[in-house]
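Here is the structure we will look at.
The values are calculated or read from the model by the stated rules, or taken from the named source; none is laboratory data. Owing to the predicted nature of the structure, the values given are computational and were not obtained by experimental measurement. Counting neighbours? That spans all protein chains shown, and the Cβs are built from the backbone with ideal geometry, glycine included.
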Amino acid sequence: MITGSINVMLIDKTRLFPGAKGKYLDFVLIELREPDKRGNDYMIVESITKEEREKGIRGTILGNARTVSRSNPGRNIAKSGDDSGRRQAEPPVEDDTPF
């Protein structure tokens, strides 16, 4: 299983498109060569068009993801004394994001 999180404030709203059951955003998981300092194995970026790719444009980095396995469930838990991998309670953000 792969789990991740994104910063929805970074989404380019022009990349949202309507679908049968709501608004959608295409994204890509790019595998990192080695896990980062928080144990993430992937970065999550907005998908771009072929034309944008050919021009050297890169998708906005929205967040990170990591592989979590049943055989090693502690992989996604921060080490003792390090709370960097734990989700902190945050106040709700009010904006015009449609989701």
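The figures follow:
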| item | result |
| --- | --- |
| Residue count, region 30-50 (criterion: farther than 21 Å from LEU16 by Cα and over 15 Å from the mean Cα position of the chain (by Cα)) | 3 |
| Pick from region 1-11, criterion at pLDDT 95 or above and in a loop (DSSP other than H, G, I, E, B), ranking: nearest to the chain's Cα centre (by Cα) | ASN7 |
| Members of region 10-26 that are of a type in the set (Ser, Thr, Tyr) and within 17 Å of GLY63 (Cα to Cα) | TYR24 |
| Whichever residue in region 1-42 is aromatic (Phe, Trp, Tyr) and more than 13 Å from ALA65 (Cα to Cα) and, among such residues, is surrounded by the fewest Cβ atoms within 10 Å (Cβ to Cβ) | PHE17 |
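Listed here are the residues, each with its yes/no results for (1) at pLDDT below 95; (2) under 15 Å from the mean Cα position of the chain (by Cα).
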| site | (1), (2) |
| --- | --- |
| VAL28 | no, yes |
| GLU52 | no, no |
| GLY56 | no, no |
| ILE61 | no, yes |
| SER71 | yes, no |
| PHE99 | yes, no |
